[in-house]
Amino acid sequence: KKDIPVANFIVHEIHCSRNIAVCRHCSELIPKSELKNHIESEHVQVTCKCRMKMEKCLLKDHEASACPLRPALCRYCDIQLASNKLQDHEVYCGARTERCGGCSRNVMMKDLKEHPRVCG
């Protein structure tokens, strides 16, 4: 899958056919001596803590962006909780009130950032 000078092509083709394999899972070119290790380390089925099964090579991205149990921070109190619990928590947490030092009114946490614009 690379440009090879015509003069070297036959030798290159022989070398590749003897030493290089194409992974049937990801189409990556892998030295034949490392193919078994590649399949076992990258394409073995694993189970995430959310009980979803996937290839090991996909686990890191899943845990970072799609796993419902990945850690997430509440925008109001900075507590860390599971992503699938974040929305319900933020509805509750955003409805809590805090007293404004300027006008002494109780302001909901979800409105606290905008409150200085309309305060007093």
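The values are calculated or read from the model by the stated rules, or taken from the named source; none is laboratory data. Computed from a predicted structure; not experimentally measured. Reconstructed Cβ throughout: ideal geometry from the backbone, glycine too, with neighbour counts over all protein chains shown. For the accessible areas, the whole protein counts, side chains as well, though only heavy atoms, and no ligand, DNA or RNA atoms are used. Shrake-Rupley method; radii C 1.70, N 1.55, O 1.52, S 1.80 Å.
Cα to Cα, under 12 Å, and not fewer than 8 places away if on the same chain: which aspartates and glutamates meet these conditions relative to K60?
Cross-link targets: E42.
Tally Lys/Arg at +1 and Asp/Glu at -1 over every other residue whose Cβ is under 12 Å from the Cβ of H115; what's the total?
Working: positive: R99, R105, K110, K113, R117; negative: E98, D111, E114.
Local charge sum for H115: +2.
Amide H to amide H under 5 Å from I20: which residues, 5+ apart in sequence or cross-chain, H placed 1.01 Å off N in plane?
K32
Kindly report the accessible area of the chain per residue (heavy atoms of protein chains, probe 1.4 Å, no ligands, DNA or RNA), in Å². Working shown, then result.
Values: 9540 Å² over 120 residues.
That works out to 80 Å² for each residue.
So what J values fall out for the range 43-54 if you push phi through Karplus, 6.51 cos²θ - 1.76 cosθ + 1.60 with θ = phi - 60°, rounded to Hz, Gly and Pro as x?
Result, ordered by residue: 10, 5, 6, 10, 10, 6, 5, 8, 6, 7, 9, 6 Hz.
Quick one: with all protein chains in place, what share of the accessible area of the chain is carbon or sulfur, to the nearest percent (1.4 Å probe)? Mind showing how you got there, number by number?
On the way: 4950 of 9540 Å².
Roughly 52 percent, rounded to a whole number.
What is the local net charge at C93, summed over the other residues whose Cβ is closer than 12 Å to its Cβ (Lys, Arg +1; Asp, Glu -1)? Walk me through the intermediate numbers first.
Details: positive: R75, K85, R96, K110; negative: D78, D88, E90, E98.
Local net charge: 0.
What lysines could a cross-link reach from K85, if we take a straight Cα to Cα line under 17 Å and drop same-chain neighbours fewer than 8 places away?
K49
Which FRET efficiency value, to the nearest 0.05, is calculated for K49 and H89 with the Förster distance at 22 angstrom and r the Cβ-Cβ distance? Let's see the in-between values first.
On the way: r = 19 Å, r/R0 = 0.87.
Once rounded, the FRET efficiency stands at 0.70.
Just add up the charged neighbours of C50: K/R +1, D/E -1, any other residue whose Cβ is under 11 Å from the Cβ of C50.
On the way: positive: K49, R51, K53, R70; negative: E63.
Net local charge, C50 excluded: +3.
Hey, quick one: spin label on R24, modelled 7 Å out along Cα-Cβ, who in the range 33-71 has an amide N within reach, i.e. under 16 Å?
Taking a point 7 Å out along Cα→Cβ of R24, the residues of the range 33-71 whose backbone N falls under 16 Å are 35-45.
Using only alpha carbon positions, build the gyration tensor of the chain, then give the equivalent ellipsoid semi-axes as the square roots of 5 times its eigenvalues, largest first, whole angstrom. Please list the in-between numbers first.
On the way: eigenvalues 661, 72, 11 Å².
Values for the chain, descending: 57, 19, 7 Å.
For the chain, what does -39500 (n - 2.57) per DSSP helix run (n ≥ 4), summed and divided by total residues, give at 222 nm, in deg cm²/dmol to the nearest 500?
Numbers: 5 runs with 41 residues, N = 120.
Value at 222 nm, helices only, nearest 500: -9500 deg cm²/dmol.
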